[in-house]
Every structure is written in structure tokens, then in C-alpha cells.
Amino acid sequence: MIQPQIHFLGDSALLCNLPSPATLPHQQRIWSIAEQAAGWPEVSEVVPGMNNLTLILSRPVVDMDTVSQRILALWPQVDASHVAGREIDIPVAYGGKDGPDLDIVARHTGLSTKEVIQRHSDADYVVYFIGFMPGFAYMGGLDPALATPRQDEPRLSIPAGSVGIGGEQTGIYPLASPGGWQLIGRTTLPLFDPTRTPPTLLRPGDRVRFTVERIAK
């Protein structure tokens, strides 16, 4: 079993880091550790990320080694399989003004636009972590044949709900923002609402399916 590397961030935080690539079993173990560490008296905040976990301590700890050894001892013991997310369907309008980069992905992968849409919507995705902006879900499960590099020059403004491919992942922009992912579609489903509890629609561990709402002619 791969053990995480522990890095001290000053005297009030720890970073537990795993080597690439990110996998669902690794992420599940990170979520499980985060769930338990959130109840430790010396921890004020847990921040699960992609292949990593940061613990913010409630006070400077003199013996950081004690905390790190506690994590390493717990790592092989946690039952990661109990971390089960919800199943969420996200309707997507593919291509056209909603997915201006669909042709770019098709050319890069050597697939037709129809094949890109079919492969993207046929896959089962898992939310690995939320980052970049509130509600932006980084998802694992993209068909490797669809992997496409980000754009060389990011757009200054991407519409909220845009569905994109960035490298070996897919994601959805919850808010209008700059970004460099290849945009293949768009959903009208609200992904972030500050008046809602919780404000983000997606959470780590959720299982996502993209459904074809329409395809631009």
C-alpha cells in the first residue's frame, strides 16, 4: 500500500501528499482520513484535495512528528469503502455556442464530434475534489481517448455551467470566470448558490452522469 508523504507547513499545518496518478481508492482514503481528522481536538480545518489532504491545526503543535505519525498509523486502517456519494445526472447541451471547443477535442482525439459526445456522456464520473472556485468539481472517470490539453491561452470569461475537458479530467464551471479548459457543452443546472445549504451542488464522492439534453446542428 502506498503511504502518503507528510510535509510540515510551518508549525500549524500538515500536508499529506500521494504520488500521481490520482485514483478513486486513494481519494476515498483521503476522504475517510479527513472525516476522522475533523474530529481531532488539535485540528481546526481539513482540506481534502486531489491526491492530498491538508490539516490546519487549531494551535501550533510543538511535536509535529506526533501528529504525522498518527496519520501514518491510521492510513492503512481506515475503511475507505464506506465513503459513498450521491448519484447526480447533469443535462448538457453539447456543441455550438454552448460547446465551442467540441471540434478541437474531436480533431485532437481523432474522433468525430458524435463519438466525443457519446464517450463523454457514457462514462461514470466521481467527484475527486472541489477547488479552483466554489463548486468547481474535478472529476475522475473521463475516457482516456478524450484527454485533451488545456488551451494555450485561457479565455478571459467562460459562462457559468460550461462543461470542459482539461487534460485527463472533465469539470463544470459553476460561475462565470476565466479558464483554459476545452469547452464541449453547457448545463443550466445551478452548481453554486450561496443561499443554499450547502451552497455547492456537488461534493467529493458524488457519482455523476452527463445526459445529452441536445446537440447543436
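The table that follows gives values for the structure above.
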read-out	value
Residue check for Trp31: open to solvent by less than 80 Å² (accessible area, probe 1.4 Å), assigned to a helix (DSSP H, G or I), aromatic (Phe, Trp, Tyr) and at pLDDT 85 or above	yes
Residues that are touching a Ser or Thr at 6+ places or on another chain (Cβ under 7 Å), at negative phi and modelled with pLDDT of 95 or more, drawn from the stretch 81-103	Asp89, Ile90, Pro91, Val92, Leu102, Asp103
So Arg214, is it open to solvent by 20 Å² or more (accessible area, probe 1.4 Å) and part of a loop (DSSP other than H, G, I, E, B)	no
Only one of Arg209, Arg203 that is under 13 Å from the mean Cα position of the chain (by Cα) and open to solvent by 10 Å² or more (accessible area, probe 1.4 Å)	Arg203
Leading residue by the ranking (most open to solvent (accessible area, probe 1.4 Å)) among those in the stretch 119-140 that are within 14 Å of Glu87 (Cα to Cα) and assigned to a loop (DSSP other than H, G, I, E, B)	Asp124
Residue within the stretch 55-70 that is under 22 Å from the mean Cα position of the chain (by Cα) and either open to solvent by less than 10 Å² (accessible area, probe 1.4 Å) or among the polar types (S, T, N, Q) (or both) present	yes
Tally of residues being surrounded by fewer than 14 Cβ atoms within 10 Å (Cβ to Cβ), touching a residue at least 12 places away in the same chain (Cβ under 8 Å) and farther than 30 Å from His26 by Cα across the stretch 81-113	1
Complete set of residues in the stretch 161-173 that are modelled with pLDDT of 95 or more and in a loop (DSSP other than H, G, I, E, B)	Gly161, Tyr173
Failed item, numbered, when Glu115 is tested on (1) under 18 Å from the mean Cα position of the chain (by Cα); (2) at pLDDT 95 or above	(1)
The stretch 1-22 residues that are more than 25 Å from Glu42 (Cβ to Cβ), paired with ones that are surrounded by 14 or more Cβ atoms within 10 Å (Cβ to Cβ) and among the polar types (S, T, N, Q) (beta carbon under 6 Å, 6 or more apart)	Ala22/Asn51
Residue satisfying all of: in the stretch 141-178; among the small types (Gly, Ala, Ser) and open to solvent by 10 Å² or more (accessible area, probe 1.4 Å); nearest to Arg86 (Cα to Cα) among these	Gly141
Index of the failed condition, Asp103 passing every other in (1) within 29 Å of Thr211 (Cβ to Cβ); (2) in a helix (DSSP H, G or I); (3) in contact with a strand residue (DSSP E or B) (Cβ under 7 Å, 6 or more places away or on another chain)	(3)
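The values are calculated or read from the model by the stated rules, or taken from the named source; none is laboratory data. The structure displayed is predicted, hence computed values, not measured ones. As a convention, Cβ positions derive from the backbone with ideal geometry for all residues, glycine included, and neighbour counts pool all protein chains shown. For the accessible areas, the whole protein counts, side chains as well, though only heavy atoms, and no ligand, DNA or RNA atoms are used. Shrake-Rupley method; radii C 1.70, N 1.55, O 1.52, S 1.80 Å.
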